[in-house]
Amino acid sequence: MKILVTGGAGYIGSHVLKQLLESNRHEIVVVDNLCKGSMKAIDALKSVGEFEFIKENLENLPVIEEIFKRGKFDAIIHFAAFIEVAESVKNPIKYYLNNTANAINLIALCQKYGVKNFIFSSTAATYGEPENGKVTEESPQAPINPYGKSKLMVEWILKDTAAANKDFKFGILRYFNVAGASSDGLIGQNYPNATHLIKIATQTITGKRDKMYIFGDDYDTKDGTCIRDYIHVEDLASAHLAVLEYLQTNDSNVFNVGYGTGFSVKEVISEAKKVSGVDFAVEIAPRREGDPACLISNASKIRFQTTWVPCHEDLDEIIQSALNWEKKN
Ligand SMILES: NC(=O)c1ccc[n+]([C@@H]2O[C@H](COP(=O)([O-])OP(=O)(O)OC[C@H]3O[C@@H](n4cnc5c(N)ncnc54)[C@H](O)[C@@H]3O)[C@@H](O)[C@H]2O)c1
């Protein structure tokens, strides 16, 4: 297949790109403006396989259209977006323009140039604050911040477009909490101001932060801290390849991508201390706006309907790989 990967220099995009290159089956073009992504990841991945890298902003539509004109893509895997919830609350237009408007333009180009498959990075944030904490793909979607809304709108647009055009299929992947780095240490999370719990814990272990915070310990959970479903980035990456394959013989579909197991913030911190052997400083801070108490995937659909088999379903392994990466960088 000829595949366009947007945001391939970013954390998740680079791990998917790595697996696409390792499969040695596809011709790949990556577009990323490096606003958050890392040229180091792109350079490192050149050792894995051949691909074309184009440094460009998706908002520059004439240039993006030229890329479509040069040769027909069979699939788009669209990662490029902004991802910070708190920033999206302060500056919603920035999120609607990049996450929603740029995605609409990309979907429109797919219609114009006959691209048949669109894999979209959606998020558990589209569920908002679910009542019982565990969500299936059919659970109500009621995002509580502009980030989640910017993604949910793209889901709707993909569904409407596919309903109107039978030749166009989407695979919507709703990611839960992504963490870790590639097992061979080649790539990892470079995002400078990451808000991800495991990333912050590893930054504290390695002395890049003097302490870390727990935002709220008075939630209605077993130990009062928020519960999340952590997935290793390599398992998340392989879900994209499985869904791409799925779309070749099946209709459009939506998949949660998590493990279906929840860990509290305190449990993750305690595992991080155990794995690293470092008793780092942790402080309790007030709750953050918009953090649901519990968000866990029911991810049986992707396990049963696609060929996806997770291989790193172990919190210690996730933390260890994130820590290895943090130490190296
Ligand atoms: N990281 C998570 O925990 C998580 C969870 C759920 C969903 N997601 C989704 O996964 C996708 C990837 O997230 P990530 O964690 O890898 O983030 P990231 O910031 O590491 O990657 C995003 C990439 O897109 C690029 N980009 C952004 N806007 C662009 C534009 N206008 N033109 C060209 N390139 C642009 C950035 O430079 C970056 O390389 C996002 O769509 C995000 O919403 C992430």
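Given springs between every Cα pair under 10 Å in a Gaussian network model of the chain, which of Asn98, Asn193, Asn117 has the largest fluctuation?
Asn193
Counting only DSSP beta bridges with both residues in the chain, what percent are antiparallel, rounded to the nearest 5?
5
Can you give the net charge of the other residues whose Cβ lies under 11 Å from the Cβ of Tyr191, counting K and R as +1 and D and E as -1?
Once positives and negatives cancel, what remains is +1.
Hey, what does the equivalent ellipsoid look like for the range 54-206, semi-axes from the Cα gyration tensor as sqrt of 5 times each eigenvalue, largest first, whole Å?
Rounded to whole Å, the semi-axes are 28, 21, 16.
I want the antiparallel fraction of DSSP beta bridges within the range 177-329, as a percent rounded to 5.
20
Using a Förster distance of 51 angstrom, determine the FRET efficiency expected from the C-beta separation of Lys222 and Gln111, and round it to 0.05.
0.60
Along the positive direction of the dipole of the chain (beta-carbon charges: Lys, Arg +1; Asp, Glu -1; about the Cα centre), which of Val63, Ile3, Asn33 reaches farthest?
Checking the options against the dipole of the chain, the answer is Val63.
With only Lys, Arg, Asp and Glu charged, each at its Cβ (+1 for the first two, -1 for the last two), find how big the charge dipole of the chain is about the Cα centre; round to the nearest 20 debye.
The calculated dipole for the chain is roughly 640 debye.
In the Gaussian network model of the chain, springs joining C-alpha atoms below 10 Å, which of Thr306, Thr261, Thr195 carries the largest mean-square fluctuation?
Residue with maximal mean-square fluctuation among Thr306, Thr261, Thr195: Thr195.
When the distances between all Cα atoms of the range 70-115 are binned every 5 Å from zero, what whole-number percent does each bin get?
5, 21, 24, 18, 13, 9, 7, 3
Work from the charge dipole of the chain (Cβ charges, +1 for Lys and Arg, -1 for Asp and Glu, about the Cα centre) and give the residue of Thr202, Phe168, Ala237 farthest towards its positive end.
Selected residue: Phe168.
Starting from the Cα coordinates of the chain, work out the convex hull volume and express it per residue in Å³.
Per-residue hull volume (Cα only) is 121 Å³.
On a 1.4 Å probe surface of the protein chains, which of Glu326, Glu267 comes out largest in accessible area, and what is the full order?
Glu267, Glu326
Only Cα pairs within less than 10 Å get springs; with that Gaussian network setup on the chain, which residue of Asn256, Asn298, Asn105 has the largest fluctuation?
Residue with maximal mean-square fluctuation among Asn256, Asn298, Asn105: Asn105.
Please report Rg over Rh for the range 162-310, where both radii come from the alpha carbon positions and Rh follows the Kirkwood definition.
A ratio of 1.04.
Relative contact order of the range 78-226, please, whole-number percent, based on alpha carbon pairs below 8 angstrom and at least 6 residues apart.
21
About its Cα centre, what dipole magnitude does the range 26-84 give when the only charges are +1 on Lys and Arg Cβ and -1 on Asp and Glu Cβ, stated in debye to the nearest 20?
80
Rounded, prolate or oblate, given the Cα gyration tensor of the range 18-139, with a/c below 1.5 counting as rounded?
prolate
Glu129 to Asp160: FRET efficiency via 1/(1 + (r/R0)^6), r the Cβ-Cβ distance, R0 30 Å, to the nearest 0.05?
0.70
Which shape class, rounded, prolate or oblate, goes with the range 128-184 when its Cα gyration tensor gives a ≥ b ≥ c as root eigenvalues, a/c under 1.5 marks rounded, and past that a/b bigger than b/c marks prolate?
The shape class here is oblate.
For a Förster distance of 30 Å, can you work out the FRET efficiency between the beta-carbons of Glu267 and Val309, rounded to the nearest 0.05?
For Glu267 and Val309, the calculated efficiency is 0.75.
The values are calculated or read from the model by the stated rules, or taken from the named source; none is laboratory data. No experiment lies behind these values; they were computed from the predicted model shown. Cβ: placed from backbone, ideal geometry, glycine included. Neighbour counts: every protein chain shown. Protein only, heavy atoms only, side chains kept; ligands, DNA and RNA dropped before computing areas. Shrake-Rupley method; radii C 1.70, N 1.55, O 1.52, S 1.80 Å.
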